[in-house]
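These notes are about the structure you will find just below.
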């Protein structure tokens, strides 16, 4: 069965420190991979996506993610977090042909300490 | 960029009444629209997929007679929660896509509270 796992429910990081949010997937074939962020009172915003090619993907707001086929992972990173990065982050693999919705991980709640 | 709106942003209704939520793609024509449900502090769960001019496809466990979806045009999909009950209280989010592997663009969500 296809599944996605975000092992960390909550992560607390000091402002200015680096960040890594984990995402592991279990799919028959390599899916397309998305990271979304959900801030309070706002809709989901796409941070970045991986379809193929370069395994290190750059996104908005200084985020990047690295696809590692051998580990079935697509971890999200940021070298220096800002207080405004506090939000809920969702990893979403996609293997459909265009008519399927996304399957979201359970999400990681990011808390930024001053 | 692609913008998706939802209306209303929040709604409170009495048990037994029906509530309609609109999802619009403002600057593009969406081949496919999706409806998700999110409970507090939980992830999004896909409820149904709708294509313009055809019947929606519901996920397993989602009551199609309770959650009526109409996709009348390439820019508008509606979700009607019929005979709402307190357990239907949730955050409903729509998304729209051009199809294929294209990114889904999400609306801001609608908070439904059933008293």
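Quick note: the coordinates plus some simple rules give every number you see, no bench work behind them. Model, not experiment: these values are computed from the prediction. Don't worry about glycine lacking a Cβ; one is built from the backbone with ideal geometry, like all the others, and counts go over all protein chains shown.
A few notes on this one:
- Placing R0 at 45 angstrom, the Cβ-Cβ distance between residue B:73 and residue A:71 gives a FRET efficiency of 0.55 after rounding to 0.05.
- Listed residues A:101, A:41, A:16, most fluctuating in chain A (Gaussian network, C-alpha, under 10 Å): A:41
- Neighbour counting of Cβ atoms within 10 Å sorts the residues A:60, A:112, fewest neighbours leading, into A:60, A:112.
- Using a Gaussian network model of chain B in which every pair of alpha carbons under 10 angstrom is joined by a spring, one finds that among B:42, B:29, B:60 the greatest mean-square fluctuation is at B:42.
- Estimated from the Cβ-Cβ distance and a Förster radius of 41 angstrom, the FRET efficiency linking residue B:17 and residue A:64 is about 0.30.
- As a length-normalised measure over Cα pairs under 8 Å and 6 or more apart, the relative contact order of chain A settles at 36 percent.
- Contact order for chain B, expressed relative to its length and based on alpha carbon pairs under 8 Å spaced 6+ residues apart, stands at 37 percent.
- Each part gets one Cα centre, and for the stretch B:1-64 versus the stretch B:72-88 those centres are 6 Å apart.
- Stokes-Einstein D (µm²/s) once Rh is taken as the Kirkwood radius of chain A over alpha-carbon pairs, at 10 °C in 1.306 mPa s: 111
- Pairwise Cα distances in the stretch B:1-41 exceed 15 Å in 57 percent of cases.
- Gyration tensor verdict on the stretch B:6-69 (Cα atoms; rounded if a/c is under 1.5, prolate if a/b is larger than b/c, oblate otherwise): rounded
- Among the residues of A:42-49, the average count of other protein chain beta-carbon atoms within 10 Å of the residue beta-carbon is 5.
- Reciprocal mean inverse distance between Cα atoms of chain B - Kirkwood radius, Å: 14.0
- Scattering profile of the protein assembly as shown at q = 0.11 Å⁻¹ [log10 I(q)/I(0), Debye over alpha-carbon scatterers]: -0.56
- Calculated FRET efficiency for the pair residue B:7/residue A:14, C-beta based, R₀ 45 Å, to 0.05: 0.70
- Springs join every pair of Cα atoms under 10 Å in this Gaussian network model of chain A, and among A:49, A:78, A:61 the largest mean-square fluctuation is at A:61.
- As a proxy for reagent exposure, B:35, A:83 were ordered by neighbouring Cβ count within 10 angstrom, fewest first; the result is A:83, B:35.
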